[in-house]
Every structure is written in structure tokens, then in C-alpha cells.
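Asks: Let me begin by handing over the structure; questions about it come next.
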Amino acid sequence: MNFSIYTLGCRVNQYESRVIAQELCEKGFSESSFNEKCDIYIINTCAVTQESVRKSRQMIRRAKKHNPSSKVIVTGCFSQISPDKVEELGNADYITGNNQKISSVISSILNENPKKLLWDDFENTEYENYILKAPTRYREYIKIQDGCRGKCAYCVIPRARGPIRSKPRESVIEEVKLLASKGVKELILTGIEIASYEYDLPSLLTELNTIKGIERISLGSLEPTLITEAFAKTLANVTKLTPHFHISVQSGSTTVLNRMRRKYNVQRLEKSLEYLRNEFPYLQLTCDIIVGFPGETKEEFEETKAFLQRNRFLHAHIFPYSVRPETAAADMPDQIPEKIKAQRAAELDSLQKEIKAEILSKELSKRALVPVLFEAFENGIAQGHSDNYIEYLVHSERDLTGKIVKVRPISVENEVITAE
């Protein structure tokens, strides 16, 4: 029998889908494309925005169109917080959420007559401890944590992902050693909020730093309050840690951050960025920004623009605020019209493109030689990323895939550096 998985949303979802596919293949199933006729379709849904819910619903409907007699399993954040809405679509043979997601999906497939199982809480849940055994990339995601205890006014993730739980440290080490033995060069530690990793994140990084074969270690999104001066100095001692960090910013206005119920103001946020810049000479930062949060005035929006101009991020994921049901922000007054949110998002995006162009131009003269991990090779062109997450292209007569090679930057075109 063959199966396919369609994954929406974050790196955690992507990792979990990879492990589901791995476990099914070990049991004799074969993986196919979602657009092919399959015996089993798995839709791993997202619910962070209205758009991600729309896409989740669309893919649930599409599965049965590919093969009306197929078994359709719906899992993930949308089915966790809205199982009734998934049920109403009428296409799902089995519905589960994020509580013990991997084992639940696999058991639904092995059971010939599965019942629909609606998860609506996380009572007595533990970390679902699977490891990725079959890497497909030289830069590989490793999930180390799940759940969130935050109370941000706009976010459904605490309901969708449940309480904080962490991968046992010995399991992380085992997984990393296995992946290193199979050629993985860079780890990207990910989770819903890796700052909440319960088994000492700095100590884990120090231990991962000693594993042979792993040449780079990267971190997923960091909460600004985690980044103290001491923490930044600890990170700088992890010699394989890449000088690139993704910061969960959300807004450059303190008053907006207060309404969002974030744990910091702009002054504290910029202090975190300063701590990192003091320790990493070739640092590049990326971030998330929400525009059009309820009550966001023109002046507050201008504060966010000024914040981006001051702090010079390599890339910013810019999202118009999306109303999520059963969140505090959904009932806040002064909801911003969609047209204004779209205009503000476009304005920030244009500004960010200018900032990135300036960063890349300066990058040409910063280092004579830059280490690049090459991840793809096609038609004589090798593609990869530098240690600080800038994309590089190199014309090469040989396949450089899986190798870290020092290159000389030459020019910038379409947000990519060409090198030799």
C-alpha cells in the first residue's frame, strides 16, 4: 500500500511528518506524492492563521478527490483545536491532534477499521520520543521540545500543542550521533519554544558540540528574554554554533507588545540583540513581525518600521494579524481593516528588501573567504548557505553537495550572493 503526507505549517510539523513517513516505510508501506492516487492520505494541519486553516481544509477535501476509496487521516493543530470542523467536512476517516501524534497516526493506518478519535485535551501526556533515522538533507531539523506555556493574546499554539515537554537529553544525543553517521553536517534544533527545553539547553549545546561529523549547530526561534549577556557568552563558547539566530520579535512598538502580552519591551528586545552582536562578529538575524494587531496606530506602526531600520535583520517573516478564535485579541476593540493590514505588510516588506540588499552588499567585503555548506547541485551550479544563513551560488564543474567549502563572494543578484 502507498501513502502520502501533506504538511502545513512549522518545522515541528515537518519533522513529525518525516518521522511518520519513516515509521510507515519501515512497516512496508511506500511513500508517494500527494497528487498521485494513494491508498492513504495524511494531512498534517496548521492553525496559526486563517490562511493556514483555509489551506488545511482545502487539502482535506482534495485527498478524497484523488482517490474516493482512500483512507484519509487528519492530524495537527487544526484538528487539535477544531475537531468538530474537520468532522463537518465529511472527508476524514480518522481525526487526531498533536497529543501522541505519530503513534496515533500510525495506529490508525494499521487498524483496518479505525474509529474517528477526537483529541480535546492533553491530560497525562508525555513527550512522544521518536528519533529521525533517515535524513534527506545535509542541514537537518531535530525536534527537541513541544508545547508552550505562553499567554500571548493572539496565539492558539498553547491550545494546539499543549503543555511544555522535552525530548530526553540522551535521546537527542543518540539521534544526533545517528544522523552524523549518515552524513548530516548541520543540526537545526527546533521546537515550539526551545527556550523552554527542560534539560538545560546550554549544556546540551556544549555536548552536541563534541559530536564528530557535525560541523554546524543552529537554533530555531528564540524568545528574547532567554538572551541574557551570560547566555550569549555561553553560546559563543559553542564553537560549532552558527552566527545566525531567529528572534521571535512580533512588533517594534512597546505598546503593541504590551497588548500582545509579550514578556518584553523594545528596550529589552534590543538589549538581547546587542548581547548577540557583541559575541558573534559575523552575526545575521532574522525575525517574525505581525502588523495590524488590534489597536495598532499609525504611530505604533512607524515605531516598528524604525525598529527594523535600526536593527537590520537579514530577513523578516511579515504577517498581517490574523484573528484566531478563543484568543484574547479576537475580542479586542479597534480591529484593523484587512486593507490597512495588507498595506502595512507590503510597506514593511518593501523596507525589508532594501535592508537585505544593503546587508548582502556589505557582506561582499566582510570576509575574503566564506564557509558554505552546499545542499544542491544542478546544471553546473552549486547552491548552499553560509554559516550566517546567507544563500550562495557557485558555478562548479564538480558536485559540491554535502561539502563545506570556502568561497570568495563576487556579486549579489536576486537576494543571493554569487561566489567562486
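Asks: Can you go through I109, I131 and tell me which one is over 30 Å from G295 (Cβ atoms) and either part of a loop (DSSP other than H, G, I, E, B) or modelled with pLDDT of 95 or more (or both)?
Replies: That would be I131, the only listed residue that is over 30 Å from G295 (Cβ atoms) and either part of a loop (DSSP other than H, G, I, E, B) or modelled with pLDDT of 95 or more (or both).
Asks: While we're looking at this one, here's another question. Any residue at all in region 382-402 that's closer than 30 Å to R261 by Cβ and either under 24 Å from the mean Cα position of the chain (by Cα) or open to solvent by 90 Å² or more (accessible area, probe 1.4 Å) (or both)?
Replies: Checking region 382-402: at least one residue is closer than 30 Å to R261 by Cβ and either under 24 Å from the mean Cα position of the chain (by Cα) or open to solvent by 90 Å² or more (accessible area, probe 1.4 Å) (or both).
Asks: Within region 365-388, is there a residue that is within 30 Å of A306 (Cα to Cα) and assigned to a helix (DSSP H, G or I)?
Replies: yes
Asks: Being open to solvent by less than 70 Å² (accessible area, probe 1.4 Å), in contact (Cβ under 8 Å) with a residue 60 or more places away in the chain and more than 26 Å from the chain's Cα centre (by Cα) is the filter here; which residues of region 361-381 pass it?
Replies: Once the filter is applied, which keeps residues that are open to solvent by less than 70 Å² (accessible area, probe 1.4 Å), in contact (Cβ under 8 Å) with a residue 60 or more places away in the chain and more than 26 Å from the chain's Cα centre (by Cα), region 361-381 yields only R367.
Asks: Taking region 306-319, which residues are over 26 Å from C77 (Cβ atoms) and crowded, with 18+ Cβ neighbours inside 10 Å?
Replies: Taking region 306-319 first, the residues over 26 Å from C77 (Cβ atoms) are 306-314.
Matches in region 306-319: F307, L308, N311, F313, L314.
Asks: Same structure again: Only one of I227, I247, I217 is within 20 Å of the chain's Cα centre (by Cα), open to solvent by less than 10 Å² (accessible area, probe 1.4 Å) and under 21 Å from S181 (Cα atoms); which?
Replies: The match here is I217.
Asks: Could you check S69 against (1) in a helix (DSSP H, G or I); (2) over 27 Å from the mean Cα position of the chain (by Cα); (3) not β-branched (V, I, T) and say which number it fails?
Replies: (1)
Asks: Residue pairs, Cβ under 7 Å, 6 or more apart or interchain, first in region 81-92 and in contact (Cβ under 8 Å) with a residue 12 or more places away in the chain, second surrounded by fewer than 21 Cβ atoms within 10 Å (Cβ to Cβ) and acidic (D, E). List them.
Replies: Within 7 Å, the pairs are P83/D120.
Asks: Okay, next question. When the residues of region 327-358 are filtered to those that are under 26 Å from the mean Cα position of the chain (by Cα) and polar (S, T, N, Q), which remaining residue is surrounded by the fewest Cβ atoms within 10 Å (Cβ to Cβ)? So that I can check it myself, show each step before the final result.
Replies: Of all residues in region 327-358, those under 26 Å from the mean Cα position of the chain (by Cα) come to 327-330, 338, 341-358.
This time we only want the ones that are polar (S, T, N, Q), so: 327, 343, 350, 352.
Values: T327: 17, Q343: 15, S350: 9, Q352: 22.
Per the criteria, the residue is S350.
Asks: Answer yes if at least one residue in region 201-209 is part of a helix (DSSP H, G or I), among the polar types (S, T, N, Q), in contact (Cβ under 8 Å) with a residue 40 or more places away in the chain and open to solvent by 20 Å² or more (accessible area, probe 1.4 Å), and no otherwise.
Replies: No, region 201-209 contains no residue that is part of a helix (DSSP H, G or I), among the polar types (S, T, N, Q), in contact (Cβ under 8 Å) with a residue 40 or more places away in the chain and open to solvent by 20 Å² or more (accessible area, probe 1.4 Å).
Asks: When F245 is evaluated against the numbered criteria (1) out of contact with any strand residue (DSSP E or B) (no Cβ under 8 Å at 6 or more places or on another chain); (2) not in a loop (DSSP other than H, G, I, E, B), which criterion, by number, is the only one it fails?
Replies: (1)
Asks: I'm trying to understand the selection: among the residues of region 32-56, which are over 21 Å from the mean Cα position of the chain (by Cα) and open to solvent by 40 Å² or more (accessible area, probe 1.4 Å)? Show your work before the answer.
Replies: Narrowing region 32-56 to residues over 21 Å from the mean Cα position of the chain (by Cα): 32-41.
If the condition is that a residue be over 21 Å from the mean Cα position of the chain (by Cα) and open to solvent by 40 Å² or more (accessible area, probe 1.4 Å), then S33, N35, E36, K37, D39 are the ones that fit.
Asks: Farther than 15 Å from K356 by Cβ, of a type outside the set (D, E, K, R) and touching a Lys or Arg at 6+ places or on another chain (Cβ under 7 Å) - does that describe any residue in region 302-313?
Replies: no
Asks: Hey, among the residues in region 69-104 that are among the polar types (S, T, N, Q) and under 23 Å from C25 (Cβ atoms), which one's surrounded by the fewest Cβ atoms within 10 Å (Cβ to Cβ)? Write out each step before concluding.
Replies: Initially, region 69-104 is screened for residues among the polar types (S, T, N, Q), giving 69-70, 75, 79-80, 82, 91, 96, 98-100, 103-104.
Checking which are under 23 Å from C25 (Cβ atoms) leaves us with 69-70, 75, 96, 98, 100, 103-104.
Numbers: S69: 7, S70: 20, T75: 29, T96: 26, N98: 29, Q100: 16, S103: 14, S104: 21.
Restricting to residues being among the polar types (S, T, N, Q) and under 23 Å from C25 (Cβ atoms), the top hit is S69.
Asks: Go through region 151-176 and give me each residue that's part of a loop (DSSP other than H, G, I, E, B) and under 15 Å from F122 (Cβ atoms). Step through it out loud before you land on a result.
Replies: Quick first cut of region 151-176, residues part of a loop (DSSP other than H, G, I, E, B) only: 151-156, 162-164, 167-168.
Residues satisfying the conditions are V156, G162, P163, I164.
Asks: While we're on this one: What residue, of F231, F301, F280, is in contact with a strand residue (DSSP E or B) (Cβ under 8 Å, 6 or more places away or on another chain) and either of a type in the set (F, W, Y) or over 19 Å from I144 (Cα atoms) (or both)?
Replies: On inspection, the qualifying residue turns out to be F301.
Asks: Looking at S272, S322, can you tell me which residue is in a helix (DSSP H, G or I), open to solvent by less than 50 Å² (accessible area, probe 1.4 Å) and under 27 Å from R149 (Cα atoms)?
Replies: It is S272.
The values are calculated or read from the model by the stated rules, or taken from the named source; none is laboratory data. The structure presented is a predicted model; accordingly, all values stated were derived computationally and were not measured. Note that we place each Cβ from the backbone using ideal geometry, even for glycine, and neighbour counts take in every protein chain shown. Just so you know, the surface numbers come from the protein's heavy atoms only, side chains and all, with ligands and any DNA or RNA stripped out. Shrake-Rupley method; radii C 1.70, N 1.55, O 1.52, S 1.80 Å.
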